[in-house]
1. Whole angstrom only: what separates the Cα centroid of the stretch 82-157 from the Cα centroid of the stretch 313-350?
2. Write out the GluC sites (Glu not before Pro) in the stretch 113-171 meeting two conditions: DSSP loop, and at most 14 other Cβ atoms within 10 Å of their Cβ.
3. Evaluate E = 1/(1 + (r/R0)^6) for ILE116 and ASP225, where r is the Cβ-Cβ distance and R0 equals 45 Å; express this FRET efficiency to the nearest 0.05.
4. Would you mind calculating the gained length between ASN255 and LYS173 on full extension (0.36 nm times residue separation, minus the Cα-Cα distance), in nm to one decimal?
5. Please compare each pair in LYS50/LYS246; LYS41/LYS121; LYS160/LYS202; LYS74/LYS263; LYS89/LYS181 to a cut-off of 30 Å on the Cα-Cα distance and tell me which ones are over it.
6. Where the only charges are on Cβ atoms (+1 Lys, Arg; -1 Asp, Glu), what is the dipole of the stretch 9-181 about its Cα centre, to the nearest 20 debye?
7. Once each part is reduced to its C-alpha centroid, what is the distance from the stretch 22-46 to the stretch 166-184 in angstrom?
8. Hey, with R₀ at 56 Å, roughly what FRET efficiency would GLU153 and THR269 work out to, going by the Cβ-Cβ distance, to 0.05?
Amino acid sequence: MHEEIEPNNYDKGNKNNKRNELSNPHDATFKKLFGQVEIAKDVIEKNLPKEIINDMDLNTIERLDGSFISEKLKETFSDIIYGIKINNKDVYIALLLEHKSYKDKLTIFQVSRYIIDLWSKTIESGKEELPIVIPIVVYHGKGQWHYKKDTRELIPEYNKLPKYLKERLPVLKHDFIDIRKQDEQEIKEYNPLTRMVIRSFKYIFDDKDKLLEYLLISIEETGEDITEELYRMLEIILIYYSATNKDITEEDILNKIRELEGKGGKIMTVLQAREQKGIERGTEKGIERGIKEGAKESLVKMNIRLLTKKFGSLSDEFKTKLSSLEVAGLEAIADNIFEYKTIDDVEKYL
């Protein structure tokens, strides 16, 4: 069990967290998604060197509360702290999201300051030993990263220095994950839900067509069932897209599903569930209006929209029959929207 170190206070409190979600959706989404133990474990296992992974007991990984980002660094990083056993020793793993809009050659020193701040906090808390910390910088910006990740590489002919000098020079090296440089072959090494997270951060700065395509591919890869975990993750991701001005409409989703020959079609069931649960952040204004009008009525309207887009204008008699169905029947119609060849295929539900 890792000993608790009192984190910095500025990161606490719902008011600050809510403000942060609005001003920096990348930061807020990073904490929600990479803050899930199974996602973090998958990312750590696939990105750190095998030599250290082999010494880790991944079954002991646990998320630790709080943040150790100081006021000076809060514009540079967001952090998530995990505790883990390595050769039976307690070790911290710090996932640090680099969230400036530009590459910063001072990042290596900012990581060093982060570690020193954490160590200082440790000593101030009355402890006499410093914890081992593995810093991992996570980057998903547009530009190529060319900066050093080891302070020794910044010192000319470091290896030729006498032992006396080497012992007095501060040394720090951080691991680095460049999400945008990970290709599809590498991404497919992750578990299906992790792939969805990685692709969302990889393509968030691309056009919405590519972003939506890889979201639907990711959904397809999760299998047949819509689990509660998948539902929660999609909810976070769709809010992330909305907060970053990716105005993805229901029509965009339908068109892309057709283009991908039905892949990811179960996202429509998730959108229905969002309406029924009264979540007000839909993928378009029509869904938001439906939320307020009640679960059944919103399902009727959604089905009419879907079937009209697929088959053209619907008769008043058909709409009346549709409106008389219970919620279960309406859900069944929407779930099978991509299976219908003609409007007659829908009649069996009426």
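Bear in mind these aren't lab numbers, they're just calculated from the coordinates by the rules spelled out. Here the structure is a predicted model, which means the values were calculated and not measured. Here the Cβ positions follow ideal geometry from the backbone for every residue, glycine too, while neighbour counts run over all protein chains shown.
1. Answer, in whole Å: 56.
2. Numbers: sites: GLU124, GLU128, GLU129, GLU153, GLU157, GLU167; in loops: GLU128, GLU129, GLU157, GLU167.
Of the GluC sites (Glu not before Pro), the ones in loops of the stretch 113-171 whose Cβ has at most 14 other Cβ atoms within 10 Å are GLU128, GLU129, GLU157, GLU167.
3. On the way: r = 47 Å, r/R0 = 1.04.
Once rounded, the FRET efficiency stands at 0.45.
4. Numbers: separation 82, 0.36 × 82 = 29.52 nm, distance 4.65 nm.
So the extension gain works out to 24.9 nm.
5. Details: LYS50/LYS246 37 Å; LYS41/LYS121 26 Å; LYS160/LYS202 40 Å; LYS74/LYS263 40 Å; LYS89/LYS181 33 Å.
Over 30 Å Cα-Cα: LYS50/LYS246; LYS160/LYS202; LYS74/LYS263; LYS89/LYS181.
6. On the way: 31 positive and 27 negative charges, 122 e Å.
Dipole size: approximately 580 debye.
7. A separation of 19 Å, based on Cα centres.
8. Values: r = 51 Å, r/R0 = 0.91.
It comes out at approximately 0.65.
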